[in-house]
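The structure under discussion appears below in the form of C-alpha cells.
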Number of protein chains: 2
Amino acid sequence: MVVGTGLIGGSVARALRARGWHVSGRDADSARAEEALAAGVLDAVGHDPEADLVVIATPFAAVIEESLAALAGPLAAGAVVTDVAGVKAPVTDAIRHPRFVGGHPMAGSEQAGLSGADPDLFVGTTWVLTPTSSTEPDAYARVRHVAASLGAEVLALTPEEHDTLVAVVSHVPHLTAATLMNRADAVAAEHAALLRLAAGGFRDMTRVAAGTPTIWPDVCAENSPAIVAAFDALLDDLTAMRDLVASGDRAGLLGVLDRAAAARRSLPSRAVRPDRLAVVRVPVPDRIGVLADITTLAGDLGIDIADLEIAHSAEGDRGVLLVVVDSDAAQHLQGALGDRGFRSTVTPLA
Amino acid sequence: MVVGTGLIGGSVARALRARGWHVSGRDADSARAEEALAAGVLDAVGHDPEADLVVIATPFAAVIEESLAALAGPLAAGAVVTDVAGVKAPVTDAIRHPRFVGGHPMAGSEQAGLSGADPDLFVGTTWVLTPTSSTEPDAYARVRHVAASLGAEVLALTPEEHDTLVAVVSHVPHLTAATLMNRADAVAAEHAALLRLAAGGFRDMTRVAAGTPTIWPDVCAENSPAIVAAFDALLDDLTAMRDLVASGDRAGLLGVLDRAAAARRSLPSRAVRPDRLAVVRVPVPDRIGVLADITTLAGDLGIDIADLEIAHSAEGDRGVLLVVVDSDAAQHLQGALGDRGFRSTVTPLA
C-alpha cells in the first residue's frame, strides 16, 4: 500500500506493480488517488488492512501521523512500514516501532507529481535506510529487499548520520547555490554586464537553485540542527579562505585548492564499483554536435557509459567530456576516439 | 605579434593566421616558441618592431613589464598593445598608455598550454575590453575589431567594474566550490558514506574545483580587494540564510529561495539575443543514450542548438534537458520529440 501518490509514491507503485505486486493506495487529495487508479499506477484506491508493505510518501507534515496510523491498524503478519522523507531523525524518533524502517530514496525528478512517476526512477540510485536498535531485523530485511528489487543500491545509516551527511552534501550546498545566485543578481541590478560574464562554472554552481523551492522550508525546519552545524563549519572554512586571500598567502591558497582538486577528481560519480571503471577525458569544444558524436560512437562500439559529465572550463565555452566506462572498454573507446581526431586520456577511477 | 604562446596566446595566433595576418611571437620559454613555429602557430619567432598589434598573453607576473616594453620600443604607426590578464585594474593602472587597451577574453579550455590552442576558442565568447579615459579611441576601435573578428562578443567595462564583477561571478564562486568540496571531504574522512550521497547537485556545484589551480594564487593576489569585498558580502548573505534556518523562518526562507529560482531561470545562457530564443525542456532519465537521441534529432532536423544544459535533480539520476534553440525552431523540435515519446515544454528565453 502506498500513502501519497506524488512523484515518489507513484514511482514506487508503478515499480512494484511492474514486479507483480498488488498495489493499493490513497492520497490526502482523493482526486489524485483516483487519477492514479485511472492511470494504472494503482490497482485499488483506499486503505488495505491486508497490505504487507506500507510506503508513506506524503509531504513531510503527514509522515509521522500516517506512519503511526498504519502501524496502529490491523496489518498482515510480518507487514512493515517505511517512509521516504528526506530527514530521518525526527521521523524515527517519533515512531520508534520495531516494524517501521525509515527510508530515503535519493531519487528525484525535475518533473514533480504523479505525471513524473516512473517505475525506473530508482534504478542505480542510492536508497538510504535508517534502521535503529529497536528495528526488527526481519522488517529491515524486507524493506531492504524491496528497495533493492527496484534497482536501488541500499545504504544503511543511522538516522542521525543520514541527517548530518545530507546537511553537508545536499542541504547546505543547495542553500549556498541560492545565496550565490541572489548575490550575483543583486550586483547585476546595478551592473547589467555581470550576467554576460557568468560562464559555465557559475551556471554549474547555481543550477540547483532553479528548482521549485516548495520542499525546502520543511527540510530546513526538520533538519535545522544539522544544517546550522554544517553552515557554521562552512562559514568558518569560507572565512579562512577569505583570510588567505586578504593576507596574500599564496602557498596556503594553493594548498587548499590542490586538496579540493584532488578530492573532486576522486569523487565517485554514482553508486558504482569504482575499481572496475575508468574515466576517459576528451577535451572538446562545448558544442552539442561533438557530444552526440562521442556518445553515439560509444553506443556503436557497444560500450556502456556508466556516467558522463561535461566539465566546463572556468571561462568560455571549451570543456572536457568525462566519460566513465568499464576499465576494459576504456582503451577501446580511446582508440576509436583517436581514429576520429579526438585526443583523450584514460585514468582509472580511484 | 604575440608574447606568450600558451593556450590563449597560441589560440590568438592561430585565429589571426587563419584570417591572413602575419603572426610573429615569442615566449619566455624559447623552446615553446620554437615549438609554436614548428606547429604552424607562428609565422616567425622573435620580436617584430613592425608589428601593428601586440597581444601580451604571458602569465600575470610578466604582463605589465612586457606591455611597457612593447610600448616603449619602436612600433608601426597606429600600432596597439593589448593583454589577456584576468584582472584588469592593476594592469591598466600600471600601464596608462593611450595605445594600450586592457582585455580579458572569457575563454578557456580544460586543456592548458599550446596543445590546446584553437583558432575557434573565442567564437561566441565574451571578450571584455577595459579602455580608460586616456585610451586613444582609435586604439580601442582597432582592438575591438580584432576581438570581434575572432568571433567574440566584445563588452567594454571599466577596469574596476570588470574586477568587481569577475570577483562576484567567477572568483568567489570558484573559491566557494573548493571550500564546499574540502568540507565534504573532511566529513567523508569520518563518514565514508557521504560520497555515496553526493548527487548531481553537489557534483555540479563542485565541478570547477577539479581544475588545475595554478593561476588562482595570481588571480587572488591581483584582485584581492574585490574578492575580499565580494566574500564579505557573501558571508553576510550566508549568515542571514543560516539564521533563517536556525530561527525556523519558513516564509523568509521561501522568499529567498523563490527569488533565487527566478534569477537562475532568467540567467542568459550565453552571449546571445535572448528575445529570439526559446528553451525546450525535456524531462529525461539521466542516461547518455537519451541525450544523444535528442541532440542528433535536432541535428537531423537542421536545428541549431544555441545552448544545452542538463539540469540534474537535487537527488537521484533523473533530470531535465534544456535545449536552447531559435524560437521558430522550438515548436518544430517539440513536435518531433513528441513523435518519439518525449514530453517537452517550450518557453521563450526571457
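The values are calculated or read from the model by the stated rules, or taken from the named source; none is laboratory data. In this text the structure is predicted, and so the values were computed from the model without any measurement. Please note: Cβ atoms are built from the backbone with ideal geometry, for glycine as well, and neighbour counts cover all protein chains shown.
With respect to the numbered conditions (1) touching a residue at least 24 places away in the same chain (Cβ under 8 Å); (2) not assigned by TED's automatic domain parsing to the domain that holds B:Val91; (3) not charged (D, E, K, R), which one is the sole condition not fulfilled by B:Thr132?
Here B:Thr132 clears every test but (2).
Which residues, counting only those in the range B:65-79, are touching a helix residue (DSSP H, G or I) at 6+ places or on another chain (Cβ under 8 Å) and surrounded by 19 or more Cβ atoms within 10 Å (Cβ to Cβ)?
Listed by number, the list holds a single entry, B:Ser67.
Criterion first (buried (at least 24 other Cβ atoms within 10 Å of the Cβ) and not β-branched (Val, Ile, Thr)) does A:Leu175 satisfy it?
yes
Starting from the range A:59-71, take each residue that is in a helix (DSSP H, G or I) and list its partners that are of a type in the set (Lys, Arg), counting only C-beta distances under 8 angstrom and pairs at least six apart or across chains.
Short answer, once both residue conditions are applied: A:Leu71/A:Arg99.
Within the range B:252-267, track down each residue that is more than 7 Å from chain A (Cβ to nearest Cβ) and within 12 Å of A:Trp216 (Cβ to Cβ).
Correct list: B:Gly252, B:Gly255.
Report, by residue number, each residue of the range A:29-40 that is surrounded by 14 or more Cβ atoms within 10 Å (Cβ to Cβ) and over 25 Å from the mean Cα position of the chain (by Cα).
Selection gives A:Arg32, A:Ala33, A:Glu34, A:Glu35, A:Leu37, A:Ala39.
Which residues, counting only those in the range B:163-203, are more than 13 Å from A:Ala177 (Cα to Cα), within 21 Å of the chain's Cα centre (by Cα) and more than 7 Å from chain A (Cβ to nearest Cβ)?
B:Asp163, B:Thr164, B:Ala167, B:His171
Could you tell me whether any residue of the range A:108-123 is without any contact (Cβ under 8 Å) to a residue 24 or more places away in the chain, among the polar types (S, T, N, Q) and over 20 Å from A:His174 (Cβ atoms)?
For the range A:108-123, residues without any contact (Cβ under 8 Å) to a residue 24 or more places away in the chain, among the polar types (S, T, N, Q) and over 20 Å from A:His174 (Cβ atoms): present.
Just to be sure I understand, how many residues within the range B:113-149 are more than 10 Å from chain A (Cβ to nearest Cβ) and closer than 24 Å to A:Val282 by Cα?
Final tally of qualifying residues: 4.
A quick yes/no check of all residues on (1) assigned to a helix (DSSP H, G or I); (2) touching a Gly at 6+ places or on another chain (Cβ under 9 Å); (3) over 16 Å from B:Leu197 (Cα atoms); (4) of a type in the set (S, T, N, Q):
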| position | (1), (2), (3), (4) |
| --- | --- |
| A:Phe122 | no, yes, no, no |
| A:Val128 | no, yes, no, no |
| A:Thr132 | no, yes, yes, yes |
| A:Arg142 | yes, yes, yes, no |
| A:Ala148 | yes, no, yes, no |
| A:Leu155 | no, no, no, no |
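So which residues in the range B:223-247 are touching a residue at least 40 places away in the same chain (Cβ under 8 Å), crowded, with 18+ Cβ neighbours inside 10 Å and more than 7 Å from every other protein chain (Cβ to nearest Cβ), if there are any at all?
Hits for the range B:223-247 are B:Asn223, B:Ala226, B:Ala230.
Quick one: is B:Ala70 of a type in the set (Gly, Ala, Ser) and out of contact with any Gly (no Cβ under 8 Å at 6 or more places or on another chain)?
Answer is yes for this residue.
For the range A:23-48, enumerate the residues that are over 16 Å from A:Ser67 (Cβ atoms), out of contact with any strand residue (DSSP E or B) (no Cβ under 8 Å at 6 or more places or on another chain) and assigned to a loop (DSSP other than H, G, I, E, B).
Selection gives A:Asp29, A:Ala39, A:Gly40.
Of all residues in the range B:112-131 being surrounded by 20 or more Cβ atoms within 10 Å (Cβ to Cβ) and more than 13 Å from the chain's Cα centre (by Cα), which is farthest from B:Ala31 (Cα to Cα)?
The selected residue is B:Pro131.
Tell me yes or no: at least one residue of the range B:311-331 is surrounded by 16 or more Cβ atoms within 10 Å (Cβ to Cβ), modelled with pLDDT of 85 or more and more than 24 Å from the chain's Cα centre (by Cα).
Yes, the range B:311-331 contains at least one residue that is surrounded by 16 or more Cβ atoms within 10 Å (Cβ to Cβ), modelled with pLDDT of 85 or more and more than 24 Å from the chain's Cα centre (by Cα).
Looking at this structure, is B:Val81 at pLDDT 90 or above and within 17 Å of B:Arg19 (Cβ to Cβ)?
no
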